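Written out below as structure tokens is the structure these notes cover.
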Amino acid sequence: MSKVALVTGGSRGIGAAISKALKQAGYTVAANYAGNDDAAKAFTDETGIKTYKWSVADYDACAAGIAQVEAELGPIAVLVNNAGITRDAMFHKMTPQQWKEVIDTNLTGLFNMTHPVWTGMRERKFGRIINISSINGQKGQAGQANYAAAKSGDLGFTKALAQEGARAGITVNAICPGYIGTEMVRAIDEKVLNERIIPQIPVGRLGEPEEIARCVLFLASDEAGFITGSTISANGGQYFI
């Protein structure tokens, strides 16, 4: 029986690429999404991957959604915490609501999703937790104090939880993408993209969602069992840590 993988934010952008790659590699995939029903339906029609709707910012919704996935597909062996939002503003203009929404989804969402699967993974002596952080969680970014704080927190969460899971056969790792050619990034003004963003990337181009997906496939594999608490920086050489 194939292993079950759950990808949050799994029907669009980087998450969709991850979901597709995991399915192609033989996993049974469930893709969580928060609100875009039309995109989720189109994704399922295209790929055959089942989608499940709930907010990762809501612990009870996560627990119920995970229970549904496991009842329908089987125990979750791989969890990819990919869901994320932005509410960008310079700090002097940032509202408490903008701060809270980003922290609740991008940081607390990791707790809400990982906590309900943790006991089962410990009992089965196997698990793969893969957290999608960001280059801006490593280096910071003006106008993103909320986002950078959350994504940096994801890395601390990864390192701490890796130490708890190691003896139970659970690895916990993070990936920090740089600028990836998703629909959101490609919607940036072409002049800004070509004159301000791409020149900062030594390889001279945006990354592709599939390149992040390949990192996930490796970390999810049995061959990556000795790698835990690590961060893969997939940013085209834009930032080294």
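Among R128, R205, rank each residue by its count of other Cβ atoms within 10 Å, from fewest to most, as a rough exposure measure.
Values: R128 26, R205 10.
Exposure proxy ranking, most exposed first: R205, R128.
Evaluate the chain: find the radius of gyration of its Cα atoms, find its Kirkwood radius, and give the ratio Rg to Rh. Provide the component values of the computation, followed by the final result.
Values: Rg = 17.1 Å, Rh = 18.0 Å.
Rg divided by Rh gives 0.95.
Would you report the distance distribution of C-alpha pairs in the range 136-241 as whole percents per 5 angstrom bin, up to the bin with the largest distance?
Bin by bin from 0 Å, the calculated values are 2, 11, 18, 21, 20, 13, 8, 5, 2, 0, 0.
When the dipole is taken about the Cα centre of the range 48-101, and only Lys, Arg (+1) and Asp, Glu (-1) are charged at their Cβ, what size is it in debye, to the nearest 20?
Numbers: 5 positive and 6 negative charges, 49 e Å.
Its charge dipole is roughly 240 debye.
Using the alpha-carbon atoms, what tilt in degrees (0 to 90, nearest 10) does helix 13-24 show relative to the longest principal axis of the chain?
Roughly 30 degrees between the two axes.
With only alpha-carbon atoms in the gyration tensor, what are the semi-axes of the equivalent ellipsoid for the range 34-154, in Å, largest first?
Working: eigenvalues 156, 63, 33 Å².
Its equivalent ellipsoid spans semi-axes of 28, 18, 13 Å.
Going by how many other Cβ atoms sit within 10 Å of their own, how do I180, I188, I232 line up, fewest first?
Numbers: I180 23, I188 13, I232 18.
Fewest-to-most Cβ neighbours within 10 Å comes out as I188, I232, I180.
Per DSSP H run of at least 4 residues, take -39500 (n - 2.57); add these up for the chain, divide by its residues and hand me the 222 nm value, nearest 500 deg cm²/dmol. Please list the in-between numbers first.
Details: 9 runs with 108 residues, N = 241.
Using -39500 (n - 2.57) per qualifying helix, the result is -14000 deg cm²/dmol.
Connecting C-alpha atoms closer than 10 Å in a GNM of the chain, tell me which of E101, E164, E195 has the biggest fluctuation.
Maximum fluctuation in the GNM of the chain, among the listed residues, is at E195.
Working out 0.36 nm times the residue gap between R186 and I198, then minus their Cα-Cα distance, what length gain in nm do you get to one decimal? Spell out each step's value before the answer.
On the way: separation 12, 0.36 × 12 = 4.32 nm, distance 1.16 nm.
The R186-I198 span can extend by a further 3.2 nm.
Treating the beta-carbon of each Lys and Arg as +1 and of each Asp and Glu as -1, no other charges, what is the dipole magnitude of the range 118-238 about its Cα centre, to the nearest 20 debye? Write out the running numbers ahead of the final one.
Numbers: 13 positive and 12 negative charges, 75 e Å.
Roughly 360 debye for the range 118-238.
Residue farthest toward the positive end of the dipole of the chain, with Cβ of Lys/Arg at +1 and Asp/Glu at -1: which of T105, V29, G140?
G140
If I fit a long axis through the Cα atoms of helix 96-106 and take the longest principal axis of the Cα atoms of the chain, what angle between them do I get, 0 to 90°, rounded to 10?
Between the helix axis and the principal axis of the chain, the angle is about 50 degrees.
So how tilted is helix 108-124 from the main axis of the chain? Cα-based, degrees 0 to 90, rounded to 10.
30
What is the Cα centroid distance between the range 113-129 and the range 153-231, reported in whole angstrom?
The two parts, judged by their Cα centres, are 21 Å apart.
Would you list, by chain and number, the lysines whose Cα falls below 19 Å from the Cα of K151, excluding same-chain residues fewer than 8 positions away?
The reachable lysines, counting only those whose Cα sits under 19 Å from K151, are K100, K139, K159.
Rounded to the nearest whole Å³, what is the per residue volume of the convex hull around the Cα atoms of the range 176-227?
Numbers: hull volume 4.3 nm³, N = 52.
It comes to 83 Å³ per residue, whole-number rounded.
No value in this document is a laboratory result; all are computed from the given coordinates. Since we're looking at a predicted model, the values are computed, not measured. Positions of Cβ are generated from backbone atoms using ideal geometry, with glycine treated the same way; all protein chains shown enter the neighbour counts.
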